[in-house]
Amino acid sequence: MTTKTIETRFPHEIIENKWQKRWRESSLYKVEDNDPRPKWYELTMYPYPSGDLHVGHWYAMTGADIHARFRNMQGYNVLHPMGFDAFGLNAENAAIERGIHPHSWTMDNINRMRDQLASMGPMYDWDREVVTCLPEYYKWNQWFFLQFYKNDLAYRDFAPVNWCPSCVTVLANEQVIDGACERCDTTVTHRDMNQWFFRITKYAEELLDQSKMDWPERINTMQTNWIGKSEGVEFKFDITEYGLDTKSLVTFTTRIDTVYGVTFVVLAPEHPLVQPLTSTNQKEAVSDYVNKARKSSEVERLATDREKTGVFLGSYCVNPLTGDRIPILIGDYVLNTYGTGIVMGVPAHDERDFIFAKKYDLPIKVVVAPPGWDGSELDEAYLSPGTQVNSSQFDGLNSTKGKQLIAEHIESNDLGTRTVNYRMRDWLISRQRYWGTPIPMVYCDACGVVPVKEEDLPVLLPEDAEFLPTGESPLAVHDKFVNTRCPDCGKPSKRETDTMDTFVDSSWYFLRYASPNYSEAAFHEKSAELWNPVDQYTGGVEHAVMHLLYSRFFVKATRDLGLIKYDEPFKRLFNQGTIIYKGAKMSKSRGNVIAPDDYVNVVGADTVRTYLMFIGPWEQGGEWNDSGINGAARWLNKVWDISHIDPKSFKGSPDSDTEKDLTRLLHKTIMRVGEDIEKFKYNTAISSLMQFTNALAEEKLFEKINYDQWLGLTRNLYKMMAPIAPHLSEELWEKSGMESSVHTQEWPKYNENLAKDDEITLVVQVNGKVRAKISASVDITESDANEIAMDDPGVQKHTQGLEIRKVIYVPGKLLNIVAN
RNA sequence: GCCGAAGUGGCGGAAUGGUAGACGCGGCGGUCUCAAAAACCGUUGAGGUAACACUCGUGCGAGUUCGACUCUCGCCUUCGGCACCA
């Protein structure tokens with residue numbers, strides 16, 4: 001803490017301990033499946049047990065807890081669980097650095113974090129906790145894997161992976177930031193390895209359908225971009241003259257309308273046809289180029305501002321539509337992993353091809369004419385639609401129409417097919433790491449690749465592995481683990497030694513919460529059906545295309561296995577913002593972490609919760625400010641103070657105006673706070689509660705109302721505060737003579753008539769400028785308003801000598817006199 | 001380069017066509033105190049005035065409207081995301 005923090009006047013530590021104990025003893029937050037109330041599943045993304053919880057976690061967890069508590073008070077049977085995303089590379093690295101076993105490192109962290117989370121006073125039912133590194137959980141990862149394998153959704157393939165030469169390990173895609181290792185910033189290279197994949201691309205089309213969920217637009221956009229659908233044509237160029245097995249070069253294009261303008265064809269340097277198509281005198285140049293391309297890093301290759309280079313192979317293909325002989329080149333701007341790895345070059349109508357053609361002096365042939373084109377050379381590629389020219393029988397057509405007719409022509413002459421391409425790749429789940437779920441497969445010399453039998457699950461992760469990074473999975477050198485018997489023939493065979501990506505764990509944990517201790521299956525069918533799908537999911541935006549996309553895939557695949565009936569895991573999604581400190585996101589390495597414990601000790605959990613939610617709109621995040629927390633502390637202090645006014649001070653005969661005013665404010669507050677919490681606008685909800693408190697704290701208010709009225713007002717205040725400040729509101733609820741928990745109370749209802757003002761301030765404008773504010777009855781008529789306004793000296797001053805053209809009246813609000 | 005979000009007092013923010021700056025932080029002045037802290041009261045966009053009045057003011061420039069922080073168009077800046085995907 002850098003600046004002075006004020007103290008609370010209520011014994012927060014005693015109150016927190018007292019109520020956390022009582023809630024635990026009375027099982028207040030126990031969630032039962034069997035409950036007549038409608039269900040509500042409120043989920044927040046579970047944390048990685050990295051060690052210490054910081055206020056960033058509190059920010060995410062408090063906001064979710066408030067919403068869950070609010071739904072509970074609205075009469076829902078709420079499931080708001082918590083667990084730990086416990087597998088992962090950090091544990092392994094910590095183990096290497098400190099000589100602690102990943103298991104004990106992780107479990108110690110979980111124990112500490114569970115206490116820190118509990119100090120927030122959340123409504124978690126800890127009996128439903130999920131810890132993904134335990135065999136009881138990861139057994140079902142293996143089970144899902146086997147189901148996917150059986151249904152052709154899991155397969156093994158030889159594929160390039162990201163490799164960090166410094167960490168001596170494979171990295172997940174998400175751990176590669178701008179081509180460099182997330183941990184050590186070393187440039188990532190590639191290796192080709194046998195890997196396991198989940199066939200997420202099978203669901204590409206369905207994943208594009210976002211109509212069954214209510215998610216933020218930007219997340220939807222990010223997913224759509226990630227999937228990257230593009231419709232086009234695979235078009236074949238003839239290479240029969242070289243007498244190879246392959247008779248044609250298949251290119252993919254979205255601009256088949258430009259096919260008459262092809263002046264060259266470019267292969268990716270890694271393409272298998274490069275070698276057979278290289279002529280003798282180009283061999284050296286080509287192999288030099290290929291070697292150079294192989295060595296350059298991913299970042300270098302993908303940099304858009306990079307000069308486009310290429311080499312002529314010395315061979316040609318034939319465009320079957322024109323009979324033109326077209327030079328074949330290789331260029332590293334062509335990606336082997338997208339489309340067919342071969343691109344047709346149309347310099348007149350593609351920016352990259354234009355630059356490439358200029359550089360290598362290739363012809364530029366216009367086939368889609370810009371409006372008013374005079375046949376002269378183009379200064380740059382023309383990308384928009386236009387009129388087909390130099391396109392044989394399609395000349396004169398609009399290119400949009402041309403695209404369609406040329407595609408049909410190509411298909412009917414067997415020169416190509418219309419296809420759809422996706423940028424999204426299948427999900428590579430193999431990791432050459434120790435701290436993850438073993439992939440339950442066995443390699444048998446006689447039977448080949450054989451799945452472990454379901455009844456033999458889990459394949460346990462051995463505790464005594466040597467997990468120093470060697471580039472191979474640590475399990476590979478663990479003889480007892482590796483050597484097994486073939487599930488089919490019983491002969492000695494070897495286990496798969498890679499482990500699963502930890503995103504597998506988080507792709508179905510929301511199903512596990514429904515029946516976390518069920519040992520017969522991944523989830524109890526009835527419980528899972530009761531609670532899922534998640535009604536409201538909250539979490540950071542950083543998971544937009546990984547976790548959120550994988551989970552959607554998992555649910556669709558599980559549905560197709562016949563295990564669940566719905567299509568989407570998370571009906572609604574809300575992204576909270578990030579708490580920053582000293583201008584940056586909190587992180588251990590930056591040394592700008594705020595530990596909630598320090599503040600909890602001084603001002604209490606409720607104050608920290610309130611402050612965090614008051615900083616600004618939850619979705620925006622904001623900067624932690626030490627002095628800002630004073631505002632939250634002062635508010636709760638004030639609530640505490642007014643709750644301790646001696647009941648004997650209240651007068652028996654109330655003042656009816658005061659009563660009316662307070663009743664009106666109460667109903668307005670109920671309305672605002674409820675609407676705001678519903679929409680996660682916690683900052684304005686707290687603001688309304690502060691205003692209400694300020695009205696109740698007005699000097700000598702007790703002389704104007706009686707004690708019953710006072711209790712009615714304050715008890716409603718406690719109920720509305722309960723989701724935000726659960727301990728203090730509970731304590732004051734009890735002190736006000738109420739039994740049971742404030743958290744099981746019904747959310748107060750407001751009466752619209754009682755919330756209405758009967759006196760308003762009529763704003764009088766002359767030509768749009770405020771010239772008078774007149775207090776008036778809410779139902780003042782236009783003519784009365786007009787009359788009063790015209791009598792006002794301030795208004796008269798500004799209308800003097802002018803002709804009144806028009807008067808605009810907004811009932812109960814405003815009168816604007818237009819004069820000139 | 002493309003897409004998206006945002007730009008309001010000293011600061012966090014409120015108000016999505018009708019009183020700009022709610023609520024809070026910080027500051028200033030006061031009460032209490034031996035003194036301080038806390039608390040309480042007052043004040044706090046800029047200019048202007050003895051005080052009012054009045055003028056200006058929501059990134060910049062136009063526009064629509066009786067009236068614009070809010071809608072439209074064009075810029076600028078910041079932050080995110082994507083980025084040779086053929």
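Numerical summary
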{"item": "Members of segment A:151-169 that are open to solvent by 30 Å² or more (accessible area, probe 1.4 Å) and touching a Pro at 6+ places or on another chain (Cβ under 7 Å)", "result": "A:C167, A:V168"}
{"item": "Residue among A:V608, A:V639, A:V602, A:V545 that alone is within 16 Å of RNA strand B (Cβ to nearest atom), closer than 30 Å to A:A154 by Cα and of a type in the set (V, I, T)", "result": "A:V545"}
{"item": "First in segment A:758-787 and touching a residue at least 12 places away in the same chain (Cβ under 8 Å) and more than 25 Å from A:K660 (Cα to Cα), second anywhere and within 13 Å of RNA strand B (Cβ to nearest atom) and of a type in the set (D, E), Cβ under 8 Å, 6 or more apart", "result": "A:V764/A:D792; A:R771/A:D792; A:A772/A:D792"}
{"item": "Count - residues of segment A:352-401 that are more than 27 Å from A:K308 (Cβ to Cβ), within 44 Å of the chain's Cα centre (by Cα) and in a helix (DSSP H, G or I)", "result": "2"}
{"item": "Positions within segment A:448-457 being without any contact (Cβ under 8 Å) to a residue 24 or more places away in the chain and assigned to a helix (DSSP H, G or I), in sequence order", "result": "A:E455"}
{"item": "Of all residues making up segment A:433-470, the number that are within 19 Å of A:A91 (Cβ to Cβ) and either touching a Gly at 6+ places or on another chain (Cβ under 7 Å) or not β-branched (V, I, T) (or both)", "result": "16"}
{"item": "Looking only at segment A:227-242, and only at residues there that are within 7 Å of RNA strand B (Cβ to nearest atom) and surrounded by fewer than 17 Cβ atoms within 10 Å (Cβ to Cβ), the one that is nearest to A:A544 (Cα to Cα)", "result": "A:G228"}
{"item": "Complete set of residues in segment A:80-112 that are more than 21 Å from A:H57 (Cβ to Cβ), open to solvent by 40 Å² or more (accessible area, probe 1.4 Å) and in a helix (DSSP H, G or I)", "result": "A:I96, A:E97, A:R98, A:H103, A:S104"}
{"item": "Checklist (1) touching a helix residue (DSSP H, G or I) at 6+ places or on another chain (Cβ under 7 Å); (2) of a type in the set (A, V, I, L, M, F, W, C); (3) crowded, with 19+ Cβ neighbours inside 10 Å applied to A:F144, failing item", "result": "(1)"}
{"item": "Segment A:763-795: number of residues that are out of contact with any Asp or Glu (no Cβ under 8 Å at 6 or more places or on another chain), open to solvent by 70 Å² or more (accessible area, probe 1.4 Å) and within 11 Å of RNA strand B (Cβ to nearest atom)", "result": "5"}
{"item": "Candidates A:D288, A:D245, filtered to the one that is open to solvent by 60 Å² or more (accessible area, probe 1.4 Å), at pLDDT 90 or above and part of a loop (DSSP other than H, G, I, E, B)", "result": "A:D245"}
{"item": "Residue within segment A:753-760 that is among the hydrophobic types (A, V, I, L, M, F, W, C), within 11 Å of RNA strand B (Cβ to nearest atom), closer than 30 Å to A:N716 by Cα and not in a loop (DSSP other than H, G, I, E, B) present", "result": "yes"}
{"item": "Flag if A:R634 is closer than 30 Å to A:I705 by Cα and in a helix (DSSP H, G or I)", "result": "yes"}
{"item": "Residues that are more than 9 Å from RNA strand B (Cβ to nearest atom) and either open to solvent by 50 Å² or more (accessible area, probe 1.4 Å) or at pLDDT 85 or above (or both), drawn from segment A:796-806", "result": "A:Q796, A:Q800, A:G801, A:L802, A:E803, A:I804"}
{"item": "Selection from segment A:692-718 of residues that are away from RNA strand B (no atom under 16 Å from the Cβ), open to solvent by 40 Å² or more (accessible area, probe 1.4 Å) and not aromatic (F, W, Y)", "result": "A:D708, A:Q709, A:R715"}
{"item": "Residue among A:K30, A:K18 that alone is surrounded by fewer than 24 Cβ atoms within 10 Å (Cβ to Cβ), within 24 Å of A:M720 (Cβ to Cβ) and charged (D, E, K, R)", "result": "A:K18"}
{"item": "Those residues of segment A:21-65 which are under 18 Å from A:V130 (Cα atoms) and in a helix (DSSP H, G or I), in sequence order", "result": "A:H57, A:M61, A:A64, A:D65"}
{"item": "Of the criteria (1) surrounded by fewer than 18 Cβ atoms within 10 Å (Cβ to Cβ); (2) within 13 Å of RNA strand B (Cβ to nearest atom), which one A:G622 fails", "result": "(1)"}
{"item": "Lone qualifier among A:D426, A:D379, A:D445, A:D414 - being free of Cβ contacts under 8 Å to residues at least 40 places away in the same chain, out of contact with any His (no Cβ under 6 Å at 6 or more places or on another chain) and at negative phi", "result": "A:D379"}
{"item": "Count of segment A:461-492 residues which are in a helix (DSSP H, G or I) and loosely packed, with under 13 Cβ neighbours inside 10 Å", "result": "2"}
{"item": "Some residue of segment A:735-751 being within 16 Å of RNA strand B (Cβ to nearest atom) and among the aliphatic types (A, V, I, L, M)", "result": "no"}
{"item": "Tally, over segment A:755-778, of residues that are in contact with a Gly (Cβ under 7 Å, 6 or more places away or on another chain) and charged (D, E, K, R)", "result": "1"}
{"item": "Residue check for A:F252: touching a strand residue (DSSP E or B) at 6+ places or on another chain (Cβ under 8 Å), open to solvent by less than 10 Å² (accessible area, probe 1.4 Å), within 12 Å of RNA strand B (Cβ to nearest atom) and among the aromatic types (F, W, Y)", "result": "no"}
{"item": "Segment A:695-722 residues that are farther than 16 Å from A:S656 by Cα and of a type in the set (D, E, K, R), paired with ones that are open to solvent by 40 Å² or more (accessible area, probe 1.4 Å) and away from RNA strand B (no atom under 16 Å from the Cβ) (beta carbon under 8 Å, 6 or more apart)", "result": "A:R715/A:M738; A:K719/A:Q745"}
{"item": "Single residue of A:E730, A:E759, A:E739 found to be under 42 Å from the mean Cα position of the chain (by Cα) and open to solvent by 30 Å² or more (accessible area, probe 1.4 Å)", "result": "A:E739"}
{"item": "Test: A:I677 is of a type in the set (A, V, I, L, M), surrounded by 19 or more Cβ atoms within 10 Å (Cβ to Cβ) and either modelled with pLDDT under 95 or in the same structural domain as A:F702 (by TED's automatic domain parsing) (or both)", "result": "yes"}
{"item": "Answer residue from segment A:317-332, given it is of a type outside the set (A, V, I, L, M, F, W, C) and touching a residue at least 40 places away in the same chain (Cβ under 8 Å) and is surrounded by the most Cβ atoms within 10 Å (Cβ to Cβ) among those", "result": "A:D332"}
{"item": "Residue that is farthest from RNA strand B (Cβ to nearest atom) [pool: residues in segment A:336-351 that are assigned to a loop (DSSP other than H, G, I, E, B) and over 25 Å from A:G314 (Cβ atoms)]", "result": "A:T337"}
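The values are calculated or read from the model by the stated rules, or taken from the named source; none is laboratory data. Predicted model only: the values in this text are computed from it and were never measured. Cβ: placed from backbone, ideal geometry, glycine included. Neighbour counts: every protein chain shown. For accessibility, only protein heavy atoms count, side chains too; no ligands or nucleic acids. Shrake-Rupley method; radii C 1.70, N 1.55, O 1.52, S 1.80 Å.
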